[in-house]
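Participant: First the structure, which I've put down as structure tokens, then a few questions once you've had a look.
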Amino acid sequence: MSFTTTRWWLVRHAPVINPEGRIYGQGDIDVDLGNRAAFLALATVLPRRAVWLTTPLARTGRTAQAIREAWHPDETPPDPPVPVGDLVEQHFGAWQGLTHDELNARQPRAAQRFWIAPATERPPGGESFADMAARVGAALLRLSAEHAGRDVVCVTHGGPVRAALRLALGVDVEAALRFRIDTLSLTRIDAIAEGGAPPVWRVDGVNLPPGAVPPSS
């Protein structure tokens, strides 16, 4: 019996610059790249010769670039990351760009429904967390097969990391929202497959601080 393990290294992007606390979702928003120690720590612990992925949003690409620039000068940095649209953050539709106070003032009933059922309520013109989790889950299965046996570093968003944990643990979408995923944290999951069968999953670490070394797989 032969098993193939695909190791996912999920990094949430750097902190966003959002002093007004606006809902940004899939909106492009700048990030603070000042924590050089965190980028160096990530560059030290992330695997060599890995596949690198980001999302189409600039905050993940800029974070990945900052990590790559912190690579040891005697080592060849990883190849440029490939953006994958299906791994992007949840789309909050008409709510993107609003503060929570503005949302409560303009659409109080919709905002109340969202807080009652945050996993399944769909913002106008957007998607629910459940929609996003299905999209991300399908992408992880596809990419795990495409990069079978490799290390995959994916710089992504908090929502997709929770969606990945939902897939790995087989929990419902409401439970997945309970995970805390900090910026520049590392989450490690493995897809373990036999032949062409769907993989089983193993969780090696969740919300690890930069530089923390997850258990050996």
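Participant: Quickly run through segment 128-181 and pick out the residues that are part of a strand (DSSP E or B) and either of a type in the set (D, E, K, R) or free of Cβ contacts under 8 Å to residues at least 40 places away in the same chain (or both).
Facilitator: Here is the first cut: in segment 128-181, the residues part of a strand (DSSP E or B) are 151-156.
Matches in segment 128-181: ASP151 only.
Participant: Looking only at segment 60-84, filter to residues that are in contact with a Phe, Trp or Tyr (Cβ under 9 Å, 6 or more places away or on another chain) and in a helix (DSSP H, G or I); which one of those is surrounded by the fewest Cβ atoms within 10 Å (Cβ to Cβ)?
Facilitator: Once the filter is applied, the top-ranked residue is GLU69.
Participant: How many residues are without any contact (Cβ under 8 Å) to a residue 24 or more places away in the chain and open to solvent by less than 30 Å² (accessible area, probe 1.4 Å) if we restrict to segment 22-46?
Facilitator: Residues of segment 22-46 without any contact (Cβ under 8 Å) to a residue 24 or more places away in the chain: 32, 34.
Among the residues that remain, those that are also open to solvent by less than 30 Å² (accessible area, probe 1.4 Å) are: none.
Selection size over segment 22-46: 0.
Participant: Count, please, the residues in segment 186-208 that happen to be in a loop (DSSP other than H, G, I, E, B) and touching a helix residue (DSSP H, G or I) at 6+ places or on another chain (Cβ under 8 Å). Steps first, please.
Facilitator: To start, the set of residues in segment 186-208 that are in a loop (DSSP other than H, G, I, E, B) comprises 195-199.
Then drop every residue that is not touching a helix residue (DSSP H, G or I) at 6+ places or on another chain (Cβ under 8 Å), which leaves 198-199.
The total comes to 2.
Participant: Do we find a residue being touching a strand residue (DSSP E or B) at 6+ places or on another chain (Cβ under 7 Å), modelled with pLDDT of 95 or more and not in a loop (DSSP other than H, G, I, E, B) anywhere in segment 85-108?
Facilitator: Yes - at least one qualifying residue is present in segment 85-108.
Participant: Looking at segment 121-138, is at least one residue surrounded by 18 or more Cβ atoms within 10 Å (Cβ to Cβ) and touching a Pro at 6+ places or on another chain (Cβ under 6 Å)?
Facilitator: yes
Participant: Can you report the number of residues in segment 2-26 which are within 30 Å of ALA191 (Cα to Cα) and either among the basic types (Lys, Arg) or out of contact with any Phe, Trp or Tyr (no Cβ under 7 Å at 6 or more places or on another chain) (or both)?
Facilitator: Going through segment 2-26 one residue at a time, the tally reaches 15.
Participant: Right, here's the next one. If the Cβ limit is 8 Å and pairs must be 6+ apart or interchain, which residue in segment 106-119 that is basic (Lys, Arg) pairs with which residue that is surrounded by 10 or more Cβ atoms within 10 Å (Cβ to Cβ)?
Facilitator: So the pair list comes out as ARG106/LEU98; ARG113/GLU121.
The values are calculated or read from the model by the stated rules, or taken from the named source; none is laboratory data. Quantities reported herein were computed from a predicted structural model and do not represent experimental measurements. Note that each Cβ is placed from the backbone with ideal geometry, even for glycine, and that neighbours are counted across all protein chains shown. We work out accessible area using only protein heavy atoms, side chains counted, and drop any ligands, DNA or RNA first. Shrake-Rupley method; radii C 1.70, N 1.55, O 1.52, S 1.80 Å.
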